[in-house]
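First the structure, in the form of structure tokens, and then the observations on it.
The values are calculated or read from the model by the stated rules, or taken from the named source; none is laboratory data. Here the structure is a predicted model, which is why all the values come from computation and not from measurement. Please note: Cβ atoms are built from the backbone with ideal geometry, for glycine as well, and neighbour counts cover all protein chains shown. Accessible surface areas use protein heavy atoms only, side chains included; no ligands, DNA or RNA. Shrake-Rupley method; radii C 1.70, N 1.55, O 1.52, S 1.80 Å.
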Amino acid sequence: MDAPLRILAVDNEPSVTLSLRYVFAGPRYEVTCVENGDAALARLGANSGPYDVIIVDQKMPNLTGVELVDAIRKRGIPGKIIVLSAHLSSETREAYERMDVHLMFGKPFNVDELRTAVDRLTA
């Protein structure tokens, strides 16, 4: 059997991370959830191995999603990035596009579309 897809989900809403754990249940997926950008950067820098996909919210305390993705890119951290947010203005979308974010989904999100998108990104 192939190794599971490693997913890092960054969202300060417990209901969202709970949903993502459900959407990406094992054995095909291995999901790690953190509640903010600082925790995500700590996890990414902890030599825990690369994540295949990083799912990021935009509106979080301390670091916004744009600031988090910028820090991830500047550090050369590999992985596909998906933004999952209810706060995606055209300016925010443009900022993510400039940083080569792979996909953006609004909240509420369609579970099947998100799972299919992750599977396609990592195929």
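Model label points for Asp38 and Met99, set 7 angstrom from Cα along the Cα-to-Cβ axis, are 1.8 nm apart. Taking 0.36 nm per residue of separation and subtracting the Cα-Cα distance, full extension of the segment from Leu121 to Ala25 would add 32.8 nm. When only alpha carbons are used to place a centre, region 1-79 and region 92-123 end up 13 Å from one another.
Taking only protein heavy atoms and a 1.4 Å probe, the accessible area of the chain is 49% carbon and sulfur. Note on region 42-123: Rg/Rh from Cα positions, Kirkwood definition for Rh, rounded to two decimals, is 0.95. A Cβ-based charge dipole, computed about the Cα centre of region 1-104 with Lys and Arg at +1 and Asp and Glu at -1, lands at about 220 debye.
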